[in-house]
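Since the structure comes first, as structure tokens, the remarks are kept for the end.
What follows draws every value from the coordinates through simple rules; no lab data is involved. Quantities reported herein were computed from a predicted structural model and do not represent experimental measurements. Note that we place each Cβ from the backbone using ideal geometry, even for glycine, and neighbour counts take in every protein chain shown.
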Amino acid sequence: MSGQTEQPPAIARSMTAARVPEQNRVDDDRNGRPPRPGPIRTGPGSMLVGRYRLHARVGAEPRTGAEFWQAEDIVLQRDVAVTVLRRLAGDLDSDDPDGTARAGEMIVRTLRAGCFEHPGCARLLDVLAPGAAGMPADVLGAAVAEWVPGHSLTEFVSGGLIRPLKAARIVEPLAAAAEAAHHRGLTLGCDDAQRIRITPDGRAQLCFLLTRPDLSPADDVRGLGALLYALLTSTWPLSAADAARVGLATAERAADGSGPIAPSALRPGVPIELDALTSGTLGSSEDPVGRVRTAAAVHQTLAEVLAEADRNALFPPVHDGVPPEPEDVWQDGGRRRPTPDPGRRRKLAIGLAVLGAGMLIVLGYLGVQLGSMFGDSPGPRIVISNPVPPSGAADEPTPADDTRRSVAAAGVEVFDPTGSPDNIGHISRVIDGNNSTSWRTYSYKQQFPALKPGVGIMVSFASAVQLSSLSIDSPSPGSVVQIRSATAGDAKFNETVPITQVTLRPGVTPVSLADSQPVQHLLVWITKLGGGGEENTTEINELRFQRVGD
């Protein structure tokens, strides 16, 4: 909502009535009222105090004359969010004909919140008060905040149904901000959806400041429930006028008038806790049963729903009518299926045909040789005994040597100190001897250690064994893997001992363990995932271990 100002706010002049310049006045003082301002000139391209250029209006609040603009700070060359406070036509006929009392109260509230910082709110950068040099005549004041990239609520829900748990994750940071603000005697203005934007990483964040004077914490609580309801149903549950300004359909009301219809009645898969939360924040104030009255209660409920969902992530989710997203656990957990390639199929067909012809030639040759061996032909027989190997070939291990020196693992588990192991149902594939099957980590939008320090594979042997090397067959080049010894399969990470580290290359990556001690438990610890951007994952086809030869 606000933060430390980067420059002293433009409040050099006292908040007295702003004088309308002579060239903008219309002579109409017959009733003793102040002159009316001339035509409104502030719009796209207008400048505020010679620094902030207005670009596009993204919303308005007619009750207070507030308008929400995406603007540019031409000094620092960055986008900012400007809340412009207009003069109202009704001001001339009120006890506050200049509108400065209303503007002054709103600006004072905003300045009080200048020391409040939270990830759920954009940071306050500047406050422009009435009478500031360079303010247009039709503008009483303005608040400048950081611009929140992403989408408005209307743009976000227009893409289709949103998974209920995703909706809860979106609202939870804003609920935490409201809780923190209320503890400090501040309010945010969550009941106006035009003030809220959804960031690219899926967080609801308050973007536009300068709230109305009569705002209370109860309005914020109601706004949090309305935001959650809109994400679940794509309709706005507050007044029809508010819905029209937001650009959403008005939510259908329950027959008994207690509030909007429960989200679960409009779509599948909505948890009962989210149903209760929306009814508790949006229901009739005359019914105290089940009422949610504080932002802290909203935040706690959302946090508990998300924690429970994380604990149950290994179980199939309830059908909610939304197709799985790429990062979802419950979809094809094995190898990604490539797009069919007709050219590859043709090449494969040609290769099989060539292979078949070669096999026919070999079979024909063997038939001729067998005929010469067992037939009546007196032709010479050539026998080669004790062939001399090519230079250097005698020192190379044969396949038989590799088989004799390889050691099989007795068991394997996913090792994750955070308690959220990745794809545990497929971990046995790394020791099944089949390179066409694989295990892979979840797909993370951020690289380790942003979300967790790493994830590993704990391999156990029947007894302690002296290993000479390890080979990792993986299609995830660039992944960084540590090899660590452990005293037990359930050892804690700080009880493991590092042996070596390697960066995986395409295909098989050999890892020397010549200097290691005998081990019964070995941890393959992934500290950096392959991929990049928002698709970070590591896939392992096979792990093979070789012991020291006799």
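So if R0 is 25 Å, what FRET efficiency would residue 240 and residue 265 give, r being the distance between their Cβ atoms, rounded to the nearest 0.05?
Details: r = 20 Å, r/R0 = 0.81.
According to the calculation, E is roughly 0.80.
Using packing as a proxy for protection, rank 465-471, 256-262, 107-113 so that the peptide with the highest average count of other Cβ atoms within 10 Å comes first.
Values: 465-471: 17.4, 256-262: 15.9, 107-113: 19.0.
In descending order of packing, they fall as 107-113, 465-471, 256-262.
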Task: Förster radius 41 Å - calculated FRET efficiency between residue 117 and residue 273 (Cβ-Cβ, nearest 0.05) - done: 0.85
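Could you put 426, 118 in order, starting from the residue whose Cβ has the fewest other Cβ atoms within 10 Å?
On the way: 426 16, 118 21.
Taking fewest neighbouring Cβ atoms as first place, the list is 426, 118.
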- [ ] Please sort by residue number the GluC sites (Glu not before Pro) in region 182-289 whose DSSP state is loop and whose Cβ has at most 10 other Cβ atoms within 10 Å.
- [x] 286
Task: Inter-label distance, nm, simple model (7 Å from Cα along the C-beta direction), residue 548/residue 74 - done: 7.6 nm
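For each of 473, 220, count neighbouring Cβ atoms within 10 Å of the residue's Cβ, then give the residues from fewest to most.
Details: 473 17, 220 29.
In increasing order of surrounding Cβ atoms, one gets 473, 220.
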Task: Formal net charge of residues neighbouring residue 422 (Cβ-Cβ distance under 9 Å; K, R +1; D, E -1) - done: 0
Open item on the list: Quick check: residue separation of residue 184 and residue 435 times 0.36 nm, minus the Cα distance between them. What number comes out in nm?
Closed with: 84.4 nm
- [ ] Can you figure out the FRET efficiency of residue 512 with residue 294, using R₀ = 45 Å and their beta-carbon distance, to the nearest 0.05?
- [x] 0.15
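Provide the gained length on full extension for the span residue 201 to residue 428, in nm with one decimal, where the gain is 0.36 nm per separating residue minus the Cα-Cα distance.
On the way: separation 227, 0.36 × 227 = 81.72 nm, distance 3.33 nm.
The span from residue 201 to residue 428 would gain 78.4 nm if fully extended.
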Open item on the list: Can you tell me what percent of all Cα-Cα pairs in region 400-547 are more than 18 Å apart?
Closed with: 53 percent
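Starting from 0.36 nm per residue, how many nanometres of slack lie between residue 307 and residue 353 once their C-alpha separation is accounted for? Display every interim value, and only then the final one.
On the way: separation 46, 0.36 × 46 = 16.56 nm, distance 5.63 nm.
Contour length minus the Cα-Cα distance gives 10.9 nm.
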TODO: Return the distance in nm (one decimal) between the two label points of a simple spin-label model at residue 488 and residue 471, each offset 7 Å from Cα along Cα→Cβ.
DONE: 3.5 nm
Task: Shape call, region 427-492: gyration tensor on alpha carbons, a/c limit 1.5 - done: oblate
TODO: Extending each Cα 7 Å along its Cβ direction at residue 446 and residue 47, get the distance between those two points in nm, one decimal.
DONE: 4.0 nm
